[in-house]
1. Which of (1) free of Cβ contacts under 8 Å to residues at least 24 places away in the same chain; (2) among the acidic types (Asp, Glu); (3) in a helix (DSSP H, G or I) is the odd one out, the single condition A:Asp365 does not satisfy?
2. When the stretch A:89-107 is examined, which residues are found to be over 22 Å from A:Tyr176 (Cα atoms), of a type in the set (D, E, K, R) and at pLDDT below 90?
3. Pairs under 6 Å by beta carbon, first residue over 14 Å from A:Met544 (Cβ atoms) in the stretch A:414-438, partner part of a helix (DSSP H, G or I) and of a type in the set (Lys, Arg), six or more apart or different chains?
4. Give the residue, chosen from A:Tyr300, A:Tyr335, that is among the aromatic types (Phe, Trp, Tyr), surrounded by fewer than 17 Cβ atoms within 10 Å (Cβ to Cβ) and within 25 Å of A:Tyr519 (Cα to Cα).
5. From the set of residues in the stretch A:529-569 that are over 28 Å from the mean Cα position of the chain (by Cα) and at pLDDT 90 or above, which is nearest to A:Leu356 (Cα to Cα)?
6. Would you say A:Thr555 is among the polar types (S, T, N, Q), buried (at least 17 other Cβ atoms within 10 Å of the Cβ), at negative phi and not in a helix (DSSP H, G or I)?
7. Among all residue pairs at least 6 apart or on different chains, which show Cβ distances below 7 Å where the first residue, located in the stretch A:278-291, is over 15 Å from A:Glu185 (Cβ atoms) and the second is among the charged types (D, E, K, R) and at pLDDT 80 or above?
Amino acid sequence: MPQAQNLIRGWRIWTVPVVFLLGALYMGVRLFQLQVLDETKMATRVVNNITRTDQILPNRGVIRDARGFLLAGDAQAADLYMDKGQKNDTDLHTLADLLGPVLAESPDDLYTRIRGVTGTNTLLLARRLDSEAASRVRQLRNTWPVVEGSVWLDQQPRRDYPNGNFAAHILGFTDYDNQGQYGVEQFYDDKLAGTPGFVTAERDSHMIPLPVGDSSQKSAMDGADLDLTVDSAVQYMAERELDNTLKQTGAQKGMILIADPYTGAIIALATAPRFDPNHFTDIGQDGWGLYKNPAVSDVYEPGSTFKVLTMAAAIDGGAVTPDTTFNCAGVVNAYGTLIHNSTQTAHGVESMKEGLARSCNIAIDYAATSLGEKKFYQYVQAFGIGKATGIDLAGEGRGILHLPGDDAYSPINLYTNGFGQGVSVTPVQLVAAISAVANGGLLMKPYVVSTVSRNGQPIQVNKPTVVRRVISADTAAQVRGMLAWAVDTTDAGKLAKVPGYSTAAKTGTAQIAGANGTYEADGLGGTIASVVGFAPVDHPKFIMLVRLDRPTSSTFGGETASPAFGRLAAQLFQYWKVPPDQPVH
Amino acid sequence: MALRIAVPNYPLDPPAAADVEAAPSAGERRARLESYLALDPAFRFLIALALVTAISLLYLGQASSVTELNYAVQSQSALHTKLIHEQQDLQLQIAHAQALPQIARTAGTRLGMVPVGKAFRYLSVPAEVQVASPVDTQAGLAAGSR
């Protein structure tokens, strides 16, 4: 037995070291594998675990008006997220009761919304909460464990437009991805947005970069600031006048465009209806079309306002002079189609000056046909019709102009185009074209941004750009004189007149193109009424286009748009302290 | 026979070559120097330990100083960002207060102001006032304001 006991004892004695030895061997092999063979993989895994790349968001540039007032800037906001996983019904009710008032939503609706989300436990409860609401959420997180355990905020910038819907179509807006949409926000998005930076670093438990770890960093470059040519005071006056005019005339929508005829700078662009870029999703029944800038995207037949260009072309081409006379029979036969005056009246012998003042279609056709088809369309193209102006606003259209040789062209077009039918323009095109008459014959490129700057240093300066000379200074002066005479001698013109100031203007009443190439009935609510003019005549301070869509108080531009022109012009003269150039009676 | 004076310890005759102790060579001198530096191994270990400790402490001090500064930089950077955001918010508050629609609303509702409209008339200005220079006008205004 002692021998057997010795054997057992010896076996036990050897077993323990062998087990330890094997264990040590295994650990050694495993360590060798991990630290030598898999060294690269393991090291990478460690680095990946503690290394994180954070994007550094740049500040989007601000937008200021011509006087330096802030029109758009970034405010601090936060997206509100919630994890509803492992939350029972009572918790969800509690959360809805607590968060509902913060989100301006009834607790019942919020509860239903939370319950309605399926397929994921993480849901976005609200986008771009303002700082006040975000602060209330933080208070709730500090007070209620159920909120702290399921709700969190993600800091995000939110574009703030302090003036609400003011100048909305010029500014545009930024969407939830902070991308510019419409207006200058879209056109200058690459400059406004800036360039994001990043920090890649090994971090501690608070995600603060370790000072001795590997790191790389690229600073964000903030977006550039925009200074507009728009004057807020003029913009405000124009919007106020437009809103009042829409109420008075019953027009569905309208716009007023004011520019400097010598530089092409847009001073104001009032539109109605307009949207609030702070709440760009609240567009009601108007739909996405509300975002479109009517000044650059809407094409329409300008009607009689186009006669200014036809007359300028005919005089500059040497076909007629303001005093050239002809016999207006009230109708003209154009290749078998009878074209009448809108009033169906014959004016008899009249001069071009009288014809323009009376808005006589037959006189204009006489001027256009005297000039000839080829020259007429050369001038029309030189005035920029049928081609985008290149204004720095998103979504500009180029209008519709059928030229001889086009499939859609008919020789009758010369007659109808002469008085603004069968040709479509954008408001900004028309203003640019008639500015050439106002400024002495130069077509200027319109623009709304004067300077793009970063940290106060200009990086792009938009200076007045002459596109081309269209008519001579002498022709421009003659047409200005004809328009001023029209304002002084006609009832429609007098409504646009401001006592003490010479004014040149031309009204227009255009039918609205309908389906199948026909026109809608041109009764009340079936026309586009407009007036375009400038003042003072010899050295215009501004050019203004007032356009009203479907007015119901009257169909005529002279009775609906002209009074608005006159009222607004009076305010502009006062604001700019323009001295009167005529005696006040 | 010459006189000899005995001087103690002064060898009258040159010493024999065997009696002269040879000067130590350079190699011997180096060997003796090493013997001066020869330390106890424990003492050597302690000195090495002290050096390593000192260097480690120095590194630790530097590293902690860098870390501290890094946190300070992070904190300042966060503060900088916060101040920029505050500045943006303040600019927006100013812009809200300066917004013309807001001013018009305040003028109408709080101050009871109404648009002038057509409720005005032109005044005839005497000729002598018309020719008054701006300087005179300013002076007049200044005097009136007293």
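1. The number of the failed condition is (1).
2. A:Asp89, A:Asp91
3. Short answer, once both residue conditions are applied: A:Phe419/A:Lys307.
4. Exactly one residue qualifies, and that residue is A:Tyr335.
5. Here the residue is A:Val537.
6. Against the criterion (among the polar types (S, T, N, Q), buried (at least 17 other Cβ atoms within 10 Å of the Cβ), at negative phi and not in a helix (DSSP H, G or I)), A:Thr555 qualifies.
7. Pairs that qualify, where the first residue is over 15 Å from A:Glu185 (Cβ atoms) and the partner is among the charged types (D, E, K, R) and at pLDDT 80 or above, are A:Asp282/A:Asp276.
A quick yes/no check of all residues on (1) at pLDDT 90 or above; (2) surrounded by fewer than 18 Cβ atoms within 10 Å (Cβ to Cβ):
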{"position": "A:Pro404", "(1), (2)": "yes, yes"}
{"position": "A:Pro427", "(1), (2)": "yes, no"}
{"position": "A:Val437", "(1), (2)": "yes, no"}
{"position": "A:Val448", "(1), (2)": "yes, no"}
{"position": "A:Gln460", "(1), (2)": "yes, yes"}
{"position": "A:Asp491", "(1), (2)": "no, yes"}
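The values are calculated or read from the model by the stated rules, or taken from the named source; none is laboratory data. What you see is a predicted model, and the numbers here were worked out from it, not measured in a lab. Cβ coordinates were reconstructed from backbone atoms using ideal geometry, including for glycine residues, and neighbour counts include every protein chain displayed.
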